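Peer 1: Structure incoming, see below.
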Amino acid sequence: MRCMAVGTPRAAPCGLPRPAPRARSIARAQQVAGQGKVYIDPVEKEAAAFAPATVANLGPGFDWMGCAVEGEGDIVTATALPDRPGEVVIESIVGDGGRLSLEAPKNCVGIAAIETLKLLGAAPSCGVSLHLHKGLPLGSGMGSSAASAAAAAWAVNSLFGCPVGKDRLIYAGLASEAAVSGYHADNIAPALMGGFILIRSCDPLDLQRLPFAGDLWFVLVNPRFEAPTAEMRAVLPKEIPMKQVINNCAMGGSLVAGILTGDAALIGKALDSDAIVEPVRGPLIPGFQAVKEAAHAAGAFGCTISGAGPTAVAIVSDPEVGERVKEAMVAAFKAAGQLEVNSAKVVRLDNEGAKRV
C-alpha cells in the first residue's frame, strides 16, 4: 500500500517540544475491503533517531529520578520492509563488540520496535528492519539499553509519521527494559523525553517532568570496569533502618527542590547524600570512594554513582570547574582503583531526548 498524506501533525503531549517539521505526513490508516482489518502505512522508507545517555538515581532518587545528558548516545535506523507486515528484524549492530543478539525478541532494540508497532493504533502494512549504532558502552551506568530502546521506538514511530507521543512510547521502552534490566523508567523516560523526569509510578505509569532553568553541568567518568545492572541490584539491602529512610526522603526532597529552583549546589549536595544504595554499591567499584573525594577536592558540588555504575557522576558550577573535576576523577580511578578510563567528559543537561537525525 502506498503512503498518503492526511491531516496535520498533532501537538506533542505533556508540553513536550516537537522537533522541527520535516517533509513527511501522518500515516494513513485504511481498511482492507472485505477483510475488516485496519492497516497503517509508513510515510517514509527510512528514518533514523538518536537517544542520549541518561543518569539515573542521582543519589537518593533510586528508581524514581533520572535525567538525560548531552553528548554520546545510540542511533537506530529503521527501514520499511514491504510485504512483510508486522515483522521486525535486526540487520546489523556496530559498536557492541559482537555481544548483542541479532534476534529481535532478545534485544532491547527489537523489543522496543515490536512494542512500538503495537501502539500505532492499527496493524502496520509493512515490516521494519533495524540497524543499531552503539555510542554508549554496555554496562556503563549511563542508560545504554534505554538509549537503544528509545532510539528504536522513535525511529519506528517516525516511519509512520509519529502518530504516538513520547509519553506513550515509554510503554514500549518499559517492555524493553523489563527484559534486560528491570521494570523501571528512570532511564527510558528521560532518554525519550529529555530533562529531569520524576517517576511516581510505573504501574500505572505516572511521570512528572521537572523543569530546570538555565544550564546544568555534569562530569561523567566511565572506568574500564563493567557493572551489570542485575548484579548491582542483587547487593541492595532487603531491609533498611528508619534513620536511613528518613535521610533519603529528606535528600530526595532536596534534590527535587534544587531542580525546581535551579540551584546546582543544592542538587549536588542531595546527590552526595544517599545513605542506602551508594554505601553498598560503591565498594564494588574499585577506587570509587577516592574518586568521590577527589571530585569534592577539585570543586564539585557532589558526586555519586550514575545508575548502577561504574560511571561516576559529579555536579559542577561551570565547564572550567568541570574540567578540573574530570581530571581529578580520572586520576583517582587510575591511582586508587587501578582502572583505565573509557571516557571522561563534561556535559550539559539534555532537554530534548530522542530526536531525528
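Peer 1: Tell me, how many Å apart are the Cα centres for the range 89-156 and for the range 198-246?
Peer 2: 23 Å
Peer 1: How tilted is helix 319-336 with respect to the longest principal axis of the chain? Cα atoms for both, answer in degrees (0 to 90, nearest 10).
Peer 2: For helix 319-336, the angle is close to 70 degrees.
Peer 1: Another question, then. Can you tell me the orientation of helix 166-180 relative to the chain, as the angle in degrees between its alpha-carbon axis and the longest Cα principal axis, to the nearest 10?
Peer 2: Its long axis makes an angle of about 70 degrees.
Peer 1: Here's something else I'd like to know. Which number do you get for Rg(Cα) / (2.2 N^0.38 Å) in the range 58-111? Numbers along the way, then the final one.
Peer 2: Working: Rg = 15.7 Å, N = 54, 2.2 N^0.38 = 10.0 Å.
The range 58-111 yields a ratio of 1.56.
Peer 1: I need the Debye-formula profile for the range 169-325: one equal scatterer per C-alpha, no solvent, reported as log10 I(q)/I(0) at q = 0.09, 0.14, 0.16 1/Å, two decimals.
Peer 2: The computed values of log10 I(q)/I(0) come out as -0.31, -0.79, -1.05.
Peer 1: Can you give me the % of accessible surface on the range 165-241 that is carbon or sulfur? Probe 1.4 Å, all protein chains present, nothing else counted. List each step's numbers first, then the result.
Peer 2: Working: 1680 of 3220 Å².
Ligands and nucleic acids excluded, carbon and sulfur reach 52 percent.
Peer 1: Given the rule -39500 (n - 2.57) for each run of at least 4 DSSP H residues, summed and divided by the residues of the chain, what is its mean residue ellipticity at 222 nm, to the nearest 500 deg cm²/dmol?
Peer 2: On the way: 10 runs with 114 residues, N = 357.
Theoretical 222 nm ellipticity from helices: -10000 deg cm²/dmol.
Peer 1: Quote the charge dipole size of the chain about the Cα centre in Debye, to the nearest 20; the model charges only the Cβ of Lys and Arg (+1) and of Asp and Glu (-1).
Peer 2: Numbers: 31 positive and 34 negative charges, 161 e Å.
Here the size comes out at about 780 debye.
Peer 1: When the gyration tensor of the range 121-166 is built from Cα positions, what are the square roots of 5 times its three eigenvalues, in whole Å, from largest to smallest?
Peer 2: Values: eigenvalues 124, 28, 11 Å².
Ellipsoid half-lengths, sorted descending, are 25, 12, 7 Å.
Peer 1: Counting only heavy atoms of the protein chains, get the accessible area per residue of the range 305-352 (1.4 Å probe) and round it to a whole Å² value. Don't skip to the end; give the middle numbers.
Peer 2: Details: 1840 Å² over 48 residues.
Using a 1.4 Å probe on heavy atoms only, each residue of the range 305-352 averages 38 Å².
Peer 1: With unit charges on the beta carbon (Lys/Arg positive, Asp/Glu negative), name the residue among Val321, Ser343, Ile276 whose Cα is farthest towards the positive pole of the charge dipole of the range 272-346.
Peer 2: Projecting each Cα onto the dipole axis, the largest value belongs to Ser343.
Peer 1: Okay, moving on. Under 8 Å for C-alpha pairs, at least 6 residues apart: give me the relative contact order for the chain, rounded to a whole percent.
Peer 2: Details: 922 pairs, mean separation 75.4, N = 357.
Computed value for the chain: 21 percent relative contact order.
Peer 1: Please list, in order, the residues from the range 133-158 whose amide nitrogen is less than 18 Å from a point placed 7 Å along the Cα→Cβ vector of Ser92.
Peer 2: Those under the cut-off are 133-136, 152.
Peer 1: Also, quick follow-up: Using a Förster radius of 45 Å, what is the FRET efficiency between Asn247 and Asp318 based on their Cβ-Cβ separation? Nearest 0.05, please.
Peer 2: Numbers: r = 29 Å, r/R0 = 0.65.
Efficiency at R0 = 45 Å is approximately 0.95.
Peer 1: Next question. Treating only the Cα positions of the range 90-233 as identical point scatterers, give the base-10 log of I(q)/I(0) from the Debye formula at each q in 0.12, 0.14, 0.17 Å⁻¹.
Peer 2: Reported log10 I(q)/I(0), two decimals: -0.50, -0.68, -0.99.
Peer 1: OK, next. Looking at the range 236-357 from every direction and averaging, what is the projected area of its Cα convex hull in nm²?
Peer 2: On the way: hull surface 35.6 nm².
Averaging across all directions leaves 8.9 nm² for the Cα convex hull.
Peer 1: Structure shown: which of Lys243/Lys292; Lys243/Lys345; Lys45/Lys345 lie over 32 Å apart, alpha-carbon to alpha-carbon? Walk me through the numbers on the way to the answer.
Peer 2: Details: Lys243/Lys292 23 Å; Lys243/Lys345 35 Å; Lys45/Lys345 36 Å.
Cα-Cα > 32 Å for Lys243/Lys345; Lys45/Lys345; rest within.
Peer 1: Grab the eigenvalues of the alpha-carbon gyration tensor for the chain, scale each by 5, take roots, and send me the semi-axes largest first in whole angstrom. Could the numbers behind the result be given before it?
Peer 2: Values: eigenvalues 285, 81, 65 Å².
The answer is 38, 20, 18 Å, longest axis first.
Peer 1: Across the range 297-357, what fraction of all alpha-carbon pairs, as a whole percent, falls in each successive 10 Å bin from zero upward?
Peer 2: 20, 50, 24, 7, 0
Peer 1: Under 17 Å Cα-Cα from Lys355, which aspartates and glutamates qualify once same-chain neighbours fewer than 8 residues away are excluded?
Peer 2: Result set, ordered by chain and number: Glu44, Glu46, Glu70, Glu72, Asp74, Asp167.
Peer 1: Which one, Cys162, Cys303, Cys249, has the greatest fluctuation when you compute a Gaussian network model over the chain with C-alpha springs under 10 angstrom?
Peer 2: Of the options given, Cys249 has the highest mean-square fluctuation.
The values are calculated or read from the model by the stated rules, or taken from the named source; none is laboratory data. On a predicted model such as this, the values are computed, not experimentally measured, just so you know. Don't worry about glycine lacking a Cβ; one is built from the backbone with ideal geometry, like all the others, and counts go over all protein chains shown. Surface areas here come from the heavy atoms of the whole protein model, side chains and all, with no ligands, DNA or RNA. Shrake-Rupley method; radii C 1.70, N 1.55, O 1.52, S 1.80 Å.
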